[in-house]
Amino acid sequence: MSRHPLDSLSTDEFNRTTAALRASGDLIPSRRFASITLDEPAKATVLAWREGDPVVRRSLSVLWDRADNKAYEGIVDLAESGADSVVSFVHVPGVTPNFTVDEWHDCDVAMKANTRVVAALAERGFTDLDLVCIDVWTYGYAVMPEQWRDKRLGWADIWVRSTPTGNPYANPVSGMKLIVDMNTMTLLEIEYDTIIAPPAPVMGEYEPDLVPGQTLRTDVKPLEITQPDGPSFEVDGNVVRWQNWEFRLAFNYREGPVIHQVKYNDHGRPRDIAYRMSFAEMIVPYRDSSFDHYRRTAYDIGEWGIGYMTQSLALGCDCLGEIRYLDAVLPNSLGEPSTIANAICLHEEDNAVLWKHVDSINGRAEVRRARRMVVSIHATVANYEYLVYWRFYQDGNIECEVRATGIMVTTPLLEGAQTPPTGTLVDQRTYAPFHQHFLVARLDLDIDGQDNTVVEVDSMAAPVGPENPYGLAVVTQATPIASEAESGRQYSWDTQRAWKVTNPNKVNAVGTPVAYKLVPTAAFPVLMDPAMPQFLRAPVMGKTLWVTRHHDDEKWPCGTYPTQSIDDQGLTKWIADNEPLIDTDVVLWYVFGIHHITRIEDWPIMPVDTVSFWLKPFGFFDRNPSLDVPPQPGHGGTAGRSGGHGGGHVGEGTSLGTAGHGPSCH
Ligand SMILES: [Cu+2]
């Protein structure tokens, strides 16, 4: 039952898609599905749609043929009558669709059954294949062996765990890569380094019973989060409503969660903020040219799909408190759907103080606690995990946080060898190479409607002169990003640069255009020659922010098919026509992530590295929009007597703990 044009495909719709393609003769036994997803209706169509209108449902399938490696795109119309039809089925020349989870597992099985692989491992002393993990990756075209560039080609690392439940990524089999034809699952070659370091004596375990001498802390007391009356949000189909916010959730194999039609109810008036927000690409170049790592540039969204990698979440472990979960449904490579139970976590969190002031004269304290609404997923991409949190705040802020955890890739060194300058020594004779995780957030913001202008705002010191005799004046300079020729903006620490998405047609109470500000945190430079092959595939990495004019078909900044790509078929192509960007429907592409200079403390499992960016109202509201947040009922305490400017002390010489039960905080 479809209720809205943006609802993700259901189990039934996946099944009907494969049935229609089989009936039409397009799904022959040699073909596999790289993906099936909602053929998302055009933005204009969705915005014109009203409750009760007919819902057009179409699926988009990407298939490839394992017999001849050709790729196809198929559109199936999922008619309300049930009379489904294949609208189109076309060969897409010269592209390689994303790799699938099925192939990752099939490759592991096939290589362990290969006599050459078994013999090569035995030669190194590895005879228990149950301890071996074959971890297949994809390539960029330029680093693929020339003779196999026409193949669906994988290259595989080999890892060996120390015990059956040990860290699968603790012990690399260094200097040896398997080159695999992924269509036939045949081994084409074993590539060897010229000099091979023997396994290093590492302690790579994190499960307590495997860590020698590990005892667990005994001073962690229970911490319960309860909401006796339930959470303050409601989930209505795929729509979430909470504290003036409303948005619609979707999920697909590639982006994972997609947040649509974000609105804020401003005193009874629902106001648009975003049409669609998601992660459009992730590029992880390893910045180490050694044999083990030069191929290692991962596109976890375009090559694999973080939707496919999304894990079921466990209450009390992954999420704490009063949780509502949404399931996700995705197909395997045969087109058969299955459900990821508890894929998306929805919950409220306390986030300390929202606003506060203590009146120094009369001692009155007014304080509000902050809450945020969180939408989160966890994706496991082989050795790494990415935890994604979209957070909505009571003051109109939106925060997008990503936490990286999991296991770093490591390499053994030869006895007595220096650690290369491209990595950090993390254990005995073992280093972890530097790498970067570039995430590209696609932010189709609509600030009070679609006609918006992006303005780059720099802070600068005004010249010293009669108007500014002490050189104290700081001014801001706002420069509109006028057309796509000016797309590709760089963060500037020196000017504390930020970008505002303004609606020049709508003003706030003081007469300035309403806006939201993109606060550019977690940005870092690519540090790569733009003529190099991995840069040519993903020039999006080279700038902090790109702005484009909205087009429904512009979703993937490194191209629809970045797997085995030579060069960019995305952003740089879209901006080549230099479309105007003033007072029009703009899309922001924010590039952020983790510049991972590896640490010893990241071994053997990384405590989360946390990065985020913010979207903050900037003249969107007429004043602090959270004045209406009620005080905490029945609790609180006075702040004690204030000691003047910023120097207050709490309580009166008693312990801090006794100050809490005085008069209420309102
Ligand atoms: Cu990392």
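The values are calculated or read from the model by the stated rules, or taken from the named source; none is laboratory data. Since we're looking at a predicted model, the values are computed, not measured. Neighbour counts are summed over all protein chains in view; Cβ atoms, including those assigned to glycine, are modelled from backbone coordinates with ideal geometry. For accessibility, only protein heavy atoms count, side chains too; no ligands or nucleic acids. Shrake-Rupley method; radii C 1.70, N 1.55, O 1.52, S 1.80 Å.
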List the strands (runs of 3 or more DSSP E) inside segment 174-240, counting only whole elements, that have at least 2 residues being within 20 Å of Met408 (Cβ to Cβ) and in contact (Cβ under 8 Å) with a residue 12 or more places away in the chain. 176-181
Condition met for Val56 (assigned to a strand (DSSP E or B) and touching a Pro at 6+ places or on another chain (Cβ under 8 Å)): no
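Let's see how each residue does on (1) open to solvent by less than 90 Å² (accessible area, probe 1.4 Å); (2) polar (S, T, N, Q); (3) farther than 30 Å from Gly305 by Cα:
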residue	(1), (2), (3)
Pro212	no, no, yes
Thr215	no, yes, yes
Leu223	no, no, yes
Thr226	no, yes, yes
Trp245	yes, no, no
Only one of Ile447, Ile377 is touching a Leu at 6+ places or on another chain (Cβ under 9 Å) and either of a type in the set (Gly, Ala, Ser) or open to solvent by less than 10 Å² (accessible area, probe 1.4 Å) (or both), namely Ile377
Residues in segment 507-516: is at least one free of Cβ contacts under 8 Å to residues at least 24 places away in the same chain and either surrounded by fewer than 12 Cβ atoms within 10 Å (Cβ to Cβ) or assigned to a loop (DSSP other than H, G, I, E, B) (or both)? yes
For segment 421-462: of the residues being aromatic (Phe, Trp, Tyr) and either within 26 Å of the chain's Cα centre (by Cα) or not in a strand (DSSP E or B) (or both), which is nearest to the ligand (Cβ to nearest atom)? Phe434
Top-ranked residue in segment 534-566 [being closer than 25 Å to Thr37 by Cα and without any contact (Cβ under 8 Å) to a residue 40 or more places away in the chain; ranked as least open to solvent (accessible area, probe 1.4 Å)]: Glu554
Tell me which residues, restricted to segment 502-533, are closer than 15 Å to Leu445 by Cα and of a type in the set (Phe, Trp, Tyr). Tyr516
Between Asp395, Asp427, which is closer than 26 Å to Phe247 by Cα, of a type in the set (D, E, K, R), open to solvent by 20 Å² or more (accessible area, probe 1.4 Å) and at pLDDT 95 or above? Asp395
Identify, please: which residue in segment 533-583 is small (Gly, Ala, Ser) and outside any helix (DSSP H, G or I) and is, among those, farthest from Val46 (Cα to Cα)? Ser565
Within segment 27-71, track down each residue that is of a type in the set (A, V, I, L, M, F, W, C) and under 19 Å from Arg276 (Cβ atoms). Leu38, Ala42, Ala44, Val46, Leu47, Ala48, Trp49, Val55, Val56, Leu60
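Matching residues to (1) open to solvent by 20 Å² or more (accessible area, probe 1.4 Å); (2) hydroxyl-bearing (Ser, Thr, Tyr):
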{"residue": "Cys317", "(1), (2)": "yes, no"}
{"residue": "Pro331", "(1), (2)": "no, no"}
{"residue": "Ile340", "(1), (2)": "yes, no"}
{"residue": "Ser360", "(1), (2)": "yes, yes"}
{"residue": "Glu366", "(1), (2)": "yes, no"}
Cβ-Cβ distance below 7 Å, separation of 6 or more or different chains: which pairs start in segment 582-598 with a residue that is more than 11 Å from Val440 (Cβ to Cβ) and end on one that is small (Gly, Ala, Ser) and within 9 Å of the ligand (Cβ to nearest atom)? Ile594/Ala404; Thr598/Ala432
Looking only at strands (runs of 3 or more DSSP E) that fall completely inside segment 358-413, which ones have 1 or more residues that are within 14 Å of the ligand (Cβ to nearest atom) and of a type in the set (Val, Ile, Thr)? 365-381, 398-406
Options Pro530, Pro520; residue that is more than 23 Å from Trp304 (Cβ to Cβ) and either of a type in the set (Asp, Glu) or within 19 Å of the chain's Cα centre (by Cα) (or both): Pro520
Have a look at Val87, Val136 and point out the one that is surrounded by 20 or more Cβ atoms within 10 Å (Cβ to Cβ) and without any contact (Cβ under 8 Å) to a residue 60 or more places away in the chain. Val136
Filter segment 596-636 down to residues that are within 16 Å of the ligand (Cβ to nearest atom) and touching a Pro at 6+ places or on another chain (Cβ under 8 Å) and give me whichever is least open to solvent (accessible area, probe 1.4 Å). Thr598
